[in-house]
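Peer 1: Quick one: structure below, then a few questions.
Just so it is clear, none of the values below were taken in a lab; they were calculated from the coordinates. Everything numeric here is computed off the predicted structure, so don't read it as measured data.
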Amino acid sequence: MIKLNKRPEPQILRDNRASWEQALRDHETNGTEPSKAELNRYGHKDIKSVLLAETNEKCAYCESIFRHVYPGDIEHVTPKRNGIQFRFAWENLTIACSTCNTCKGVKQGLVDPYDDDPEALFQHAGPAILPDPASNKATATEAALSLNRHALVERRTERLKALHRILKIALDQTDQNYREILLDELRVKEIRDDAEFAAMSRWYVKDLITKGVIAASAPPTNA
């Protein structure tokens, strides 16, 4: 999980949020049932497209890239059942994979990637994500979202193997320029926010730097 930053509220939501909420309040007052369309207006394509952009088209929680097999769920950080005011609130919406969305359900008090700094609350040991033992919130989040579920650990393992292959090829190079190009893939490209499991990849690269396996940045070249 990495820190996420909220983008500007989509115009469709800014223009219609108040009326959408009022329509639901009117149903409550009149004792009538809202339609699915009225309940799910937060799923508008313009809203979802901004959410996908701000989450780098990954699950906000487990960082899986999933859109090649699943469109993704719009997730309510605070459960929408807590009140009409949470259903269309821009600051309450994000994107989650189907598994994290299901695991989270209506649980509250978990790590919020927008308000918290997840990389300060979780450590990585290989493909395993370890909550800070001093943080009840992090511990609860790892358990509630099953962040070490078998399929997820397998996928993170494959990601680590790919990073390690880049490292081995780079260290085997006698051409210094090519070597640095490959190492920059690790130091820069493979740890960007849009990379799958970026938090884990950053831990891997940071460990390589700490152990002196690679330099923190490319050495200066002579003119």
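Peer 1: Compute the acute angle (0 to 90°) between the alpha-carbon long axis of helix 45-54 and the principal axis of greatest extent of the alpha-carbon atoms of the chain; round to the nearest 10°.
Peer 2: 30
Peer 1: Where does helix 198-210 land angle-wise versus the long Cα axis of the chain, in degrees 0 to 90, nearest 10?
Peer 2: 30
Peer 1: Relative contact order, percent, of the chain when contacts are C-alpha pairs under 8 Å separated by at least 6 residues?
Peer 2: 19
Peer 1: Using only the Cα atoms of segment 12-70, construct the convex hull and provide its projected area averaged over every direction, in square nanometres to one decimal.
Peer 2: Spelled out: convex hull of the Cα atoms, projected over all directions, averaged, 5.3 nm².
Peer 1: Enumerate the whole-percent occupancy of each 10 Å bin, from 0 to the last occupied one, for all C-alpha pair distances of segment 135-223.
Peer 2: Taking all Cα pairs of segment 135-223, the binned fractions are 15, 40, 28, 12, 4, 0 percent.
Peer 1: Which residue fluctuates the most in the chain, going by a Gaussian network model with Cα springs under 10 Å, if the choices are E57, E158, E190?
Peer 2: Answer for the Gaussian network model of the chain: E158.
Peer 1: Do the alpha carbons of any pairs in K3/K36; K189/K211; K80/K206 sit beyond 27 Å of each other, and which pairs?
Peer 2: K3/K36; K80/K206
Peer 1: Helix-only estimate, please: 222 nm mean residue ellipticity of the chain, summing -39500 (n - 2.57) across DSSP H runs of length 4 or more and dividing by its residues, to the nearest 500.
Peer 2: Estimated from H runs of four or more residues: -14000 deg cm²/dmol.
Peer 1: In the P(r) worked out for segment 103-175, what percent of Cα pairs fall beyond 21 Å?
Peer 2: Of all Cα-Cα distances in segment 103-175, 40 percent exceed 21 Å.
Peer 1: For segment 1-68 and segment 123-145, write down the distance between their C-alpha centroids in whole Å.
Peer 2: Using only Cα atoms to place each centre, the spacing works out to 28 Å.
Peer 1: Starting from the Kirkwood radius over alpha-carbon pairs of the chain, derive D by Stokes-Einstein at 10 °C in a medium of 1.306 mPa s and give it in µm² s⁻¹.
Peer 2: Result for D is 81 µm²/s.
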